[in-house]
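Colleague: After the structure tokens below, expect a handful of questions from me.
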Amino acid sequence: MLDVGDLLAITDYFVLVSASNDRQLGTVAEEVQRVLAGGGRKPRRREGTKDTGWMLLDYGDVVVHAFTEEQRAYYGLERLWSDAPVVPFDPAPVGAGGDTGGADAGGADAIVRAGGE
């Protein structure tokens with residue numbers, strides 16, 4: 001997770017995630033949306049499809065960039081935003097130890113915490 005708040009006026013954090021293939025990419029994006037919707041958050045904008053290898057979920061203060069590994073290496077957002085501080089990302093779900101609905105929703109819960117919700 002990158003803290004881009006001081007570098008970019010339109011958001012505070014970029015969350016960068018990778019998936020091995022387009023099917024997993026679609027699942028990652030769906031799971032992020034499902035978990036955050038459970039916390040009352042819905043994306044303001046969604047761009048890309050699993051077929052493009054890059055999906056963007058814009059939650060205002062947090063923008064999730066989900067890539068296939070190939071597209072993440074190609075676009076190199078970590079390199080482009082290398083001036084942004086890296087924020088430690090805690091993948092443990094809020095209230096760790098509880099049921100996550102059959103999926104590892106911890107990453108999405110960490111996004112909720114990063115966004116202050």
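Colleague: Collect the residues in segment 39-66 that are touching a residue at least 40 places away in the same chain (Cβ under 8 Å) and over 10 Å from the mean Cα position of the chain (by Cα), keeping them in residue-number order. Walk me through how you get there before you give the answer.
Modeller: Of segment 39-66, the ones touching a residue at least 40 places away in the same chain (Cβ under 8 Å) are 39-41, 58-66.
The answer is Gly39, Gly40, Arg41, Gly60, Asp61.
Colleague: Does Phe67 count as surrounded by 20 or more Cβ atoms within 10 Å (Cβ to Cβ) and either outside any loop (DSSP other than H, G, I, E, B) or modelled with pLDDT under 95 (or both)? Let's see the steps before the verdict.
Modeller: Working: surrounded by 20 or more Cβ atoms within 10 Å (Cβ to Cβ): yes; either outside any loop (DSSP other than H, G, I, E, B) or modelled with pLDDT under 95 (or both): yes.
So Phe67 passes the test.
Colleague: Output yes when any residue across segment 72-82 is modelled with pLDDT of 95 or more, buried (at least 19 other Cβ atoms within 10 Å of the Cβ) and closer than 18 Å to Leu2 by Cα, and no when none is.
Modeller: Looking through segment 72-82, at least one residue is modelled with pLDDT of 95 or more, buried (at least 19 other Cβ atoms within 10 Å of the Cβ) and closer than 18 Å to Leu2 by Cα.
Colleague: Can you tell me which condition Lys42 does not meet? The list is (1) surrounded by fewer than 16 Cβ atoms within 10 Å (Cβ to Cβ); (2) modelled with pLDDT under 95, and all the others hold.
Modeller: Here Lys42 meets the rest and fails (2).
Colleague: Are there any pairs with C-beta distances below 6 angstrom linking a residue in segment 16-32 that is of a type in the set (Asp, Glu) to a residue that is surrounded by 18 or more Cβ atoms within 10 Å (Cβ to Cβ), with the two at least 6 apart or on different chains, and if so which?
Modeller: Asp22/Lys50
The values are calculated or read from the model by the stated rules, or taken from the named source; none is laboratory data. These figures come from a predicted structure and were not determined experimentally. Because the Cβ atoms are built from the backbone with ideal geometry, glycine has one as well, and the counts that use them run over all protein chains shown.
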